[in-house]
1. Out of the stretch 89-122, which residues are closer than 16 Å to A141 by Cα, in contact (Cβ under 8 Å) with a residue 40 or more places away in the chain and not charged (D, E, K, R)?
2. Taking the stretch 178-200, which residues are surrounded by 24 or more Cβ atoms within 10 Å (Cβ to Cβ) and either at pLDDT below 95 or more than 23 Å from T273 (Cα to Cα) (or both)?
3. Whether any residue in the stretch 227-248 is surrounded by 17 or more Cβ atoms within 10 Å (Cβ to Cβ) and in contact with a His (Cβ under 7 Å, 6 or more places away or on another chain) is what I want to check.
4. Does I277 satisfy being touching a strand residue (DSSP E or B) at 6+ places or on another chain (Cβ under 9 Å), modelled with pLDDT of 95 or more and part of a strand (DSSP E or B)?
5. Which one of these does E62 not meet: (1) outside the structural domain of G135 (by TED's automatic domain parsing); (2) surrounded by 11 or more Cβ atoms within 10 Å (Cβ to Cβ); (3) at pLDDT 60 or above?
6. How many residues does the stretch 24-50 contain that are out of contact with any helix residue (DSSP H, G or I) (no Cβ under 8 Å at 6 or more places or on another chain), part of a loop (DSSP other than H, G, I, E, B) and surrounded by fewer than 12 Cβ atoms within 10 Å (Cβ to Cβ)?
7. Check off (1) touching a residue at least 60 places away in the same chain (Cβ under 8 Å); (2) touching a strand residue (DSSP E or B) at 6+ places or on another chain (Cβ under 7 Å); (3) closer than 21 Å to M138 by Cβ for T75 and give me the number that stays unchecked.
Amino acid sequence: MPNWLTNFVLPKIRTFVGRKEVPDNLWKQCPSCEQTLFLKDLVADLMVCRHCGHHFRIGSGERFKMLFDDAVFETIELPKATVDPLKFRDRKRYTERLREGQAALGAGSDAIAVAHGRIGGIGAVIAAFDFAFMGGSMGVAVGEALVAAGRLAVERQAALIAIPSSGGARMQEGILSLMQMPRTILAADMVKEAGLPYIVILTDPTTGGVAASFAAIGDIAIAEPGAVVGFAGARVIEATVREKLPEGFQRAEYLLEHGMVDMVVKRGDLTATLARILTLLREPVVVPAVAARPA
């Protein structure tokens, strides 16, 4: 029961001694194995569970630091897109949803960021999605960013690496969002026509219009373990075809077995894998001359 000790004396003592605040973000639970992970260790493990290997979703900034040599890179300012062209509103105004996303990632941001640097000493441009921004949905701003990334890769004679993490097209932009599917394919084709590598790293999730456009046409398709990749959700497909589908048929490992991706690579091995691929594709191979046989 409250008294003068709890109401008066205790607050005075706490003020005098000081209270150490314990951060509430020291731990994170793995959604796969439900183990509680020390966040500092999880970050050191590149946001991969050390117990079951579950790959947590990470943002574009973490991708850039992880993949570019010595975490040295330069982001580019992306073209400005028309905000809320359809004046869309569902439970919230579209402009309000954009503000919420930008509050988390920074003013002027969208579901994608573009940076350039070197991987294994070879020039590369990376376009990486941020799922935290409206589920990584692809609107006009994302389409503009991928076109800008393609042009930058051609200008710098560098490889283009796309890292989607998206639920698909952005419904708040309607047909304008769907128009980004052919635009992003043209951006990838621009890089290919210049004789430069176009590599896609499929992360969890890669779905909808993103999976059906630029994410499906990489010269080399790499997937992170356990990533869900597909156009529609499993329940929608099962309801459409009226058949029970194989367990995990949209997971990276199943797609690898059926030839839909070229390799499944753990996050910790991605940098070395990309460096090896870029070395094979970009560095000229010197073929020793064959000595002529004496007649």
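The values are calculated or read from the model by the stated rules, or taken from the named source; none is laboratory data. Just so it is clear, the model here is predicted, and its values are computed rather than measured. Reconstructed Cβ throughout: ideal geometry from the backbone, glycine too, with neighbour counts over all protein chains shown.
1. The answer is Y94, L105, A111, I112, A113, A115.
2. Q180, T184, A187
3. Checked against the condition, which is being surrounded by 17 or more Cβ atoms within 10 Å (Cβ to Cβ) and in contact with a His (Cβ under 7 Å, 6 or more places away or on another chain), the stretch 227-248 yields no hits at all.
4. Here the answer is no, as I277 does not meet what is asked.
5. Condition (1) is where E62 drops out.
6. Number satisfying all stated conditions: 3.
7. Here T75 clears every test but (1).
So that you can scan it fast, the table gives a plain yes or no per residue for (1) closer than 26 Å to D70 by Cα; (2) among the basic types (K, R); (3) surrounded by 24 or more Cβ atoms within 10 Å (Cβ to Cβ):
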residue: A111; (1), (2), (3): yes, no, yes
residue: H116; (1), (2), (3): yes, no, no
residue: G123; (1), (2), (3): yes, no, no
residue: F131; (1), (2), (3): yes, no, no
residue: M134; (1), (2), (3): no, no, no
residue: S137; (1), (2), (3): no, no, yes
residue: G150; (1), (2), (3): yes, no, yes
